[in-house]
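Each reported figure results from applying straightforward, stated rules to the coordinates on display, with no laboratory input. Predicted model, so just to flag it, every value in this text is computed and none were measured. Positions of Cβ are generated from backbone atoms using ideal geometry, with glycine treated the same way; all protein chains shown enter the neighbour counts.
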Amino acid sequence: MLKKLSLAALVAMGSLSVASAATPLEQAIKNVSLSGFLRVRLYNEDPDGKAVYNRWRTNGVLIFKVPVAENFNFVMRNSVQTNVYTNKTRVGTEKKPLSGNKSTNVDDGIVNNLLFIQYANGPLSAIVGKIPVATSITSADPAAPGHGAGVVATYNVNENLTFAGAFVDALKNPGNNTGLSELGLIGNDVYALAALFNTDYVNGNVWYYHVTEAVDHIVTLSLNANVPNVDGLTVHGDFATGKLDSDLAKSKGLKHSSHKYYNISAKYKYDAFCGQLGYAKSNDKDGIVELSADAPIGAVIPTFNNYNIANLKDASAVYAKLGYNVDPKTNVYVAGQWRDGGDYNDDLNEYTIGVNYAVNKKLKFHAHYDIADFDKNSKIQNHSNDNNEFMVEAKYSF
């Protein structure tokens, strides 16, 4: 009988089968939660030796959480980003056009599409699929986080201690600043173990990583402490050490050595004022301690053009920030860093002035002006990274 059925009949049967399994819209969206943000930014860049240009940068992040059974959710995250670059010329100057950024480049692709299943039962939680990979060494950019295919699980021992583990088959890490481009997109297996702890005065985390045939190990430690009997004073510290795989290091002409980095800072809040003072330092050995310029372990300097020295060799930076709440909605701040590049990098003085304004809890505006001034006598880059940047941003979170 099946042989006598026409193609049209088979199509009709298939349609009926799908229709019978369909869910009415009002039921399908029941209990589905939506979060994310929409953001528009305009940059005006004035790099040394090149033409002034504008960059229009727009982001949209939509995260749908769908409960499918007891203890199970499906999560779908869509993130898009568009960059529009427009060259500007100066009459009577010899500045060269900015290569590679054209006003015709109006449409960009998808930043990331993630889809994974989320499980939570008592102290155990896990995500499996194409997942965000939130660690101390991967990108924490809300629009372009570290992400890949694999599993991350946590086990909450008690209110003071949580263990975590991860296996990632393939990792994409936006914001790569290692000088090793292949570590921005890793097809090698990534393994990670962590402990997150919290006490009355100290909280922090310790992580261990291994990437097959790429990274022997990376170990990071971060601590936050409230200073007893001093209201408003907190201290933060980071330490990281890492070593590349010996074969990869050899292929890059690098030594199979341990690169080390540490950072310490203090914040103090008093009335409407908030101040921060910090110091970061890396040793002069080849190696690696993070995979992204936007990784939490390294992205600690409160300026905007240059904010991470973790993977640089023999670099140190003193940094500071002072903020003042003009009113409940408005905050103004100034920040700076003074970097000693050692024998391998440029010396740098960088200064930022900015303002934050909250229309309400969801809609916020931010603007800053940042000046990055590298040493004119640099042996490394010949002052080529100098840049003055103005940026204004509108962000709606939901």
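Out of the range 213-308, which chymotrypsin sites (Phe, Trp or Tyr not before Pro) are coil in DSSP terms and have no more than 16 other C-beta atoms within 10 Å?
none
Please report the projected area of the range 257-386's Cα convex hull averaged over all directions, in nm².
Value for the range 257-386: 8.7 nm².
If you take the charge dipole of the range 31-397 about its Cα centre, with +1 on Lys and Arg Cβ and -1 on Asp and Glu Cβ, which of Y209, A295, Y333 is farthest toward its positive end?
My answer, from the dipole projection, is Y333.
How far is helix 7-21 tilted off the main Cα axis of the chain, in degrees rounded to 10, range 0 to 90?
It works out to around 70 degrees.
Provide Rg and Dmax in Å for the range 155-262, with only Cα atoms included in the calculation.
Rg then Dmax for the range 155-262, in Å: 16.9, 53.
Mean separation of Cα pairs under 8 Å and 6+ residues apart, divided by the residue count of the range 31-397: what relative contact order is that in percent?
With pairs under 8 Å counted, the relative contact order is 12 percent.
Take the Cα atoms of the range 31-397, find their three principal axes, and give me the spread along each one in whole Å, biggest first.
Principal extents (largest minus smallest coordinate, Cα): 68, 53, 50 Å.
If you stretched the chain out fully between N44 and A28, how much longer would it get, using 0.36 nm times the residue separation minus the C-alpha to C-alpha distance?
Full extension from N44 to A28 adds 1.3 nm.
Run the quick spin-label model on V332 and T82: label points 7 Å from Cα toward the beta carbon, then report their separation in nm to one decimal.
In this crude spin-label approximation the distance works out to 3.5 nm.
Let me spell out the model: positive unit charges on the Cβ of Lys and Arg, negative unit charges on the Cβ of Asp and Glu, origin at the Cα centre of the range 31-397. What dipole size does that give, in debye rounded to 20?
That gives a dipole near 880 debye.
What is the spin-label model distance, in nm, from N360 to K395 if the labels are put 7 Å beyond Cα along the C-beta direction?
The answer from the label model is 1.9 nm.
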